[in-house]
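Everything on this sheet refers to the single structure shown next.
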Amino acid sequence: MRYALTWSTARIANIRDVAPTIREFTLVPEEGARPYAPGSHINVAVVIDGQPDHRSYSLVGAGDGSCYRIAVRQHEDSRGGSRYMWSLPEGARLSLTEPHNLFPLEFGRPEYLLIAGGIGITPMVAMASALARTGASWRMIYVAKSLTDAAFLDDLAAQHGARIETRFSDEGRRLDLDAEIAALAPEAQLYLCGPLRLLDAARASWAKAGRAAADLRFETFASGGLFAPEPFRVKIPRLGVDLEVPVDRTILDTLEAAGVDVMADCRRGECGLCVLDVLGVEGAIDHRDVFLSDHEKQSNAKICACVSRAVGGSITLDTAYRP
């Protein structure tokens, strides 16, 4: 484990809709909020189909030391976390962890470009404020379907003015990643949070430009993929396992519920600890992780069980688990 999770109780002090499908929750921990750096997140305990689980949410803004703010997008194809959060009223109590940071902002670079895709704006709010305070050279591009879907845009524009640019698909304005990256100063950094398609495009443009891989920093959505989620079967012949993976559960969830232990940590497709060997697939694999290389994904020899799925049939796996 990269860190030990310490849980505490918090109260939902305020709920507000910041976009038609995005709801902001202000959480006040009983033991007080801890300071955190831009890019930090908390884990929140949820209940899905009567079973305990948890979800990670980026913290919005720098915080004032008294509360945490998170924003949750209502998504019909989600694994149930957003439905649970949207069902909670003001005053409800829930369990959460202290802040942790897997998406840290590195200061001292000559230039920064922040790219937010949809709900990926959440960690960027604090990053923008931090860069502004230090006098850094930076700008942000906010990619969304429409102005209506752009949560926190009014606040960002009021604080940072022309540094905030938008690319709304309903206006026909597309993000030209090649041009944006080419315009950056040497040793500049790009910070991106958004869906998998946007990340894949950014990684390809960044590599094509000959930029250092370490200067592209990103955070992803564990639920994002190239295909809409659908039920499929997962088989492990050596263990006599043949199970259906429903739309709102992962391979990892399904195997754990059946008593098959799989080593896992991040559950976001980033650390690679839950990678399993693929013996065969009927249909295709929807690789939703950022751990495996493009070559590994094309070979379909391995899969990250915490996020990736099969479409159009079933997948046959092997695991190091021995009963």
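Quick note: the coordinates plus some simple rules give every number you see, no bench work behind them. Keep in mind that what you see is a predicted model, and the values were worked out from it rather than measured. Neighbour counts are summed over all protein chains in view; Cβ atoms, including those assigned to glycine, are modelled from backbone coordinates with ideal geometry.
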For this session: Nearest 5 is fine: what % of DSSP beta bridges in the range 179-290 come out antiparallel, could you say?
Result: 50 percent
Exercise. From the phi of every residue in the range 258-274, what ³J(HN,Hα) in whole Hz does the Karplus formula 6.51 cos²θ - 1.76 cosθ + 1.60 yield, where θ is phi - 60° and glycine or proline is x?
Worked result: 8, x, 9, 6, 10, 5, 7, 9, 5, 6, 10, x, 10, 8, x, 5, 8
Exercise. So what is the 222 nm mean residue ellipticity for the chain from helices alone, if each DSSP H run of at least 4 adds -39500 (n - 2.57) and you divide by all residues, rounding to the nearest 500 deg cm²/dmol?
Worked result: -5000 deg cm²/dmol
Problem set entry | For the range 1-77 and the range 83-112, distance of Cα centres in Å | 5 Å
Problem set entry | Whole-Hz couplings from phi, Karplus 6.51/-1.76/1.60, listed for the range 144-157; x for Gly and Pro | 8, 5, 7, 4, 4, 7, 8, 5, 6, 5, 4, 5, 5, 5
Exercise. How big is the Rg/Rh ratio for the range 28-146, C-alpha atoms only, Rh by Kirkwood, two decimals?
Worked result: 1.00
For this session: Normalising by the residue count of the range 112-220, find the relative contact order in percent from Cα pairs under 8 Å and 6+ residues apart.
Result: 32 percent
Seminar exercise, completed: Here, Asp170 and Leu5, labelled 7 Å along Cα→Cβ, have an inter-label distance in nm of 3.6 nm
Exercise. Which value, in debye to the nearest 20, describes the size of the charge dipole of the range 232-318 about its Cα centre when Lys and Arg Cβ atoms bear +1, Asp and Glu Cβ atoms bear -1, and nothing else is charged?
Worked result: 100 debye
Exercise. Charges only on Cβ, +1 for Lys and Arg, -1 for Asp and Glu: so what's the dipole of the chain about the Cα centre, in debye to the nearest 20?
Worked result: 260 debye
Exercise. In the range 89-181, which GluC sites (Glu not before Pro) are in a loop and have at most 15 other Cβ atoms within 10 Å, using DSSP for the loop call?
Worked result: Glu90, Glu106
Problem set entry | Loop chymotrypsin sites (Phe, Trp or Tyr not before Pro), the range 1-69, which have at most 16 other Cβ atoms in a 10 Å radius of their Cβ (DSSP) | Tyr3
Problem set entry | FRET efficiency for Asp294 and Arg163, using Cβ-Cβ distance with R0 set to 35 Å, rounded to 0.05 | 0.60
For this session: Name the long-range amide H neighbours of Trp138: under 5 Å, sequence gap of 5 or more, or other chain; modelled H, no Pro or chain starts.
Result: Tyr112
Seminar exercise, completed: Checked against the positive end of the charge dipole of the range 112-220 (+1 on Cβ of Lys and Arg, -1 on Cβ of Asp and Glu, about the Cα centre), the farthest of Ala151, Val125, Leu198 is Leu198
For this session: Indicate, rounded to the nearest 5 percent, the antiparallel portion of the DSSP beta bridges found entirely in the range 112-220.
Result: 0 percent
Exercise. Roughly what % of DSSP beta bridges within the chain run antiparallel, to the nearest 5?
Worked result: 65 percent
For this session: Would you work out the relative contact order for the range 7-101, in percent, from Cα pairs under 8 angstrom that are 6 or more residues apart?
Result: 39 percent
Problem set entry | Footprinting exposure proxy for Ser87, Ser56 (fewest neighbouring C-beta atoms within 10 Å first) | Ser87, Ser56
For this session: Collect residues whose amide H, placed 1.01 Å from N in the peptide plane, falls under 5 Å from the amide H of Thr316; neighbours closer than 5 in sequence don't count.
Result: Lys235, Leu279, Gly280, Val281, Glu282
Exercise. Hey, what do the phi angles of the range 171-183 turn into as Karplus ³J(HN,Hα) couplings, whole Hz, using 6.51/-1.76/1.60 and θ = phi - 60°, x for Gly and Pro?
Worked result: 9, x, 9, 9, 7, 9, 5, 4, 5, 5, 6, 4, 7
For this session: Report, ordered by chain and residue number, the lysines lying within cross-link reach of Lys235, taken as a straight Cα distance under 26 Å and ignoring same-chain residues fewer than 8 apart.
Result: Lys297, Lys302
Seminar exercise, completed: Going from the fewest other Cβ atoms within 10 Å to the most, one would list Cys271, Cys306, Cys67 as Cys67, Cys271, Cys306
Problem set entry | Eligible aspartates and glutamates near Lys208 by straight Cα distance, threshold 18 Å, same-chain separation 8 or greater | Asp176, Asp178, Glu180, Glu187, Asp200, Asp294
For this session: Calculate the tail of P(r) for the range 112-220: the fraction of all Cα-Cα distances greater than 23 Å, expressed in %.
Result: 21 percent
Exercise. If you find the alpha carbon centre of the range 134-173 and of the range 219-260, how far apart are they in angstrom?
Worked result: 36 Å
